[in-house]
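Let me begin by presenting the structure, written as structure tokens, before commenting on it.
The values are calculated or read from the model by the stated rules, or taken from the named source; none is laboratory data. All values derive from a computational prediction rather than experimental measurement. A quick note on method: Cβ atoms are made from the backbone with ideal geometry, for glycine too, and the neighbour counts reach across all protein chains shown. When the accessible area is computed, the model is the full protein with side chains, heavy atoms only, and any ligands, DNA or RNA have been set aside. Shrake-Rupley method; radii C 1.70, N 1.55, O 1.52, S 1.80 Å.
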Amino acid sequence: MTDTDQRLVISGLRVAPIAAPQHEILQGIDLSVGPGEVHAIMGPNGSGKTTLAYALMGHPAYVVTGGQVTWKGRDVLRLSPDKRSRLGMFLAFQYPTAVPGLSVASFIRSALNAKLQGVDKTGDVDPTDPMRGGVSMVDFRKRIREKLALLRMDETFASRYVNEGFSGGEKKRLEMLQMAMLAPELAILDETDSGLDIDALRIVAEGVNAMLNPSLGVLLITHYQRLLNYIKPDVVHVLAQGRIVKTGGKDLALRLEEEGYGPILREAGLEVNVSDEALVVPQGPDLEPAERAEPAPVGR
């Protein structure tokens, strides 16, 4: 496998909601993420950030209308979502779904065993049999205890039902627990900071930082500049009106904090129909809302 194969390479990616395929949300995304790199995607509301995350993982609500995505020598767009996960991709959702009746431990163990089958599901691995490649309960319990401690989560968390009655911070920590247990090589974190108070944000960020390694590439999608105070990006991209209009280093994040998106959008030749005050990069709420509506992701 060549060095190029180890990079996620997105070329000319165009994506539309399947309900309205003529309305492209992403209009030609070019992006490359390598092992050990943290890329931050920032942009105003409606720019297409969540659409990018969902398209990369094969969400059925979206259709790819053009472009290519390659990784590990594979045409990612030809793979089903479960095969993309088995290949080593991981998506942390902005709004994780509750699954009443399914415990966190059972959910994660099933996912871990499924991943061990490999992308092509060879018959040599039976995820239900610890003697044929599946994870034994002893090994699983040891591993999940280690990861729970890493994320400062009580061990009783594993016996709760997936996201049922969870606070916003608990939902995001469960996403990080899944990531820690599955050990992906490419992690797409979709606004993991949304809905968190400052303490929960620190804990989640510390968990992400503890998992960073030379084999892991991270695509960090955020609406708030505050997250980048805790997880330091190598590259910052500004996504607006379905295209990446600016790429830079940490200095770009600082410029966004000072100036907002307005000047950069105008430099890119985009029409800006609102005031610069409406395009300020939010630092992030200090308190977690008691209740939070979960809007449909189309257009995000």
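Does GLU24 satisfy being under 17 Å from GLY248 (Cβ atoms), open to solvent by 40 Å² or more (accessible area, probe 1.4 Å) and in contact (Cβ under 8 Å) with a residue 24 or more places away in the chain? It would help to see each step written out before you state the result.
Numbers: under 17 Å from GLY248 (Cβ atoms): no; open to solvent by 40 Å² or more (accessible area, probe 1.4 Å): yes; in contact (Cβ under 8 Å) with a residue 24 or more places away in the chain: yes.
Criteria not met by GLU24.
ILE41 - would you say it is in contact with a helix residue (DSSP H, G or I) (Cβ under 6 Å, 6 or more places away or on another chain) and of a type outside the set (S, T, N, Q)?
On the way: in contact with a helix residue (DSSP H, G or I) (Cβ under 6 Å, 6 or more places away or on another chain): yes; of a type outside the set (S, T, N, Q): yes.
Here the answer is yes, as ILE41 does meet what is asked.
Of the conditions (1) at pLDDT 85 or above; (2) on the phi > 0 side of the Ramachandran plot; (3) surrounded by 15 or more Cβ atoms within 10 Å (Cβ to Cβ), GLY165 satisfies every one except a single condition; which number is it?
(3)
Residue under question is LEU201, and the condition is that it be over 27 Å from TRP71 (Cα atoms) and under 16 Å from the mean Cα position of the chain (by Cα); does it hold?
Values: over 27 Å from TRP71 (Cα atoms): yes; under 16 Å from the mean Cα position of the chain (by Cα): yes.
Judged against the criteria, LEU201 is a match.
Inside region 190-246, can you point out the residues that are in a loop (DSSP other than H, G, I, E, B) and without any contact (Cβ under 8 Å) to a residue 40 or more places away in the chain? Break it down stepwise before answering.
Step one: of region 190-246, the residues in a loop (DSSP other than H, G, I, E, B) are 191-197, 212-216, 222-224, 230-234, 241-242.
Once the filter is applied, which keeps residues that are in a loop (DSSP other than H, G, I, E, B) and without any contact (Cβ under 8 Å) to a residue 40 or more places away in the chain, region 190-246 yields only TYR230.
Looking only at residues that are open to solvent by 50 Å² or more (accessible area, probe 1.4 Å) and over 25 Å from GLU191 (Cβ atoms) in region 84-112, which one is modelled with the highest pLDDT?
Checking each candidate, the answer is GLY101.
Looking only at region 44-81, filter to residues that are assigned to a loop (DSSP other than H, G, I, E, B) and under 20 Å from GLY217 (Cα atoms); which one of those is most open to solvent (accessible area, probe 1.4 Å)? Show your work before the answer.
Filtering region 44-81 for residues assigned to a loop (DSSP other than H, G, I, E, B) gives 44-48, 58-61, 72-73, 79-80.
Restricting the remaining residues to those that are under 20 Å from GLY217 (Cα atoms) gives 58, 72-73, 79.
Details: GLY58: 22, LYS72: 39, GLY73: 60, LEU79: 22 Å².
Result: GLY73.
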